[in-house]
Amino acid sequence: QVQLVESGGGLVQPGGSLRLSCAASGSIISIRTRGWYRQAPGKQRELVASITNGFGTNYADSVKGRFTMSGDNADNTVYLQMDSLRPEDTAVYYCYATGPGSVYWGQGTQVTVSS
């Protein structure tokens with residue numbers, strides 16, 4: 001089992017920045033992919049960014065050049081740096097991790113971009 005705890009959401013003005021964190025604990029050695037999804041009201045969950053062991057990071061076209069995913073192996077935390085935020089980025093953001101036959105989810109954190 002893997003547990004994921006998110007932090008860092010909030011309210012920000014358009015053009016502003018936020019950084020989300022996702023700390024993993026438990027069977028961390030089994031993790032193969034980590035990333036972030038988001039879900040806006042009335043919309044389907046959308047993959048924002050992901051990274052798989054041994055491969056690069058993938059980003060949704062809507063966030064390329066504005067969002068950056070990074071990781072800190074020392075404390076098993078991944079980050080999503082979000083710059084130049086837009087109102088359409090407003091959503092609940094969920095971190096996730098996959099292992100053999102399993103998908104794990106964080107509790108979600110609200111990001112609201114509004115003036």
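The values are calculated or read from the model by the stated rules, or taken from the named source; none is laboratory data. Please read all numbers here as calculations on a predicted model, not as lab measurements. Every residue, glycine among them, receives a Cβ derived from its backbone with ideal geometry; neighbour counts consider all protein chains shown. With ligands, DNA and RNA removed, areas are computed over all heavy atoms of the protein, side chains included. Shrake-Rupley method; radii C 1.70, N 1.55, O 1.52, S 1.80 Å.
Given a 1.4 Å probe, how much area per residue of the stretch 33-84 is accessible, in Å²? Could the numbers behind the result be given before it?
Values: 2950 Å² over 52 residues.
Normalised by residue count, the accessible surface of the stretch 33-84 is 57 Å².
How large a share of the accessible area of the chain, in percent, is made up of carbon and sulfur atoms when the probe is 1.4 Å and the other protein chains stay in place?
The C+S portion of the solvent-accessible surface of the chain is 49 percent.
Could you size up the charge dipole of the chain around its Cα centre, putting +1 on the beta carbon of Lys and Arg and -1 on that of Asp and Glu, and report it in debye to the nearest 20?
About 180 debye.
For the chain, what's the relative contact order in percent, using C-alpha pairs closer than 8 Å and at least 6 residues apart? Before the final figure, lay out each step's value.
Values: 273 pairs, mean separation 42.9, N = 115.
Contact order relative to length: 37 percent.
Just the C-alpha atoms of the chain: what Rg/Rh do they give, with Rh taken as the Kirkwood radius?
Rg/Rh: 0.96.
Of 52, 85, 109, whose Cα points farthest to the positive end of the dipole of the chain (charges on the beta-carbon: +1 Lys, Arg; -1 Asp, Glu; origin at the Cα centre)?
Farthest towards the positive pole: 52.
Sort 57, 68 from largest to smallest accessible area, using a 1.4 Å probe on the heavy atoms of the protein chains.
The ordering from most to least exposed comes out as 68, 57.
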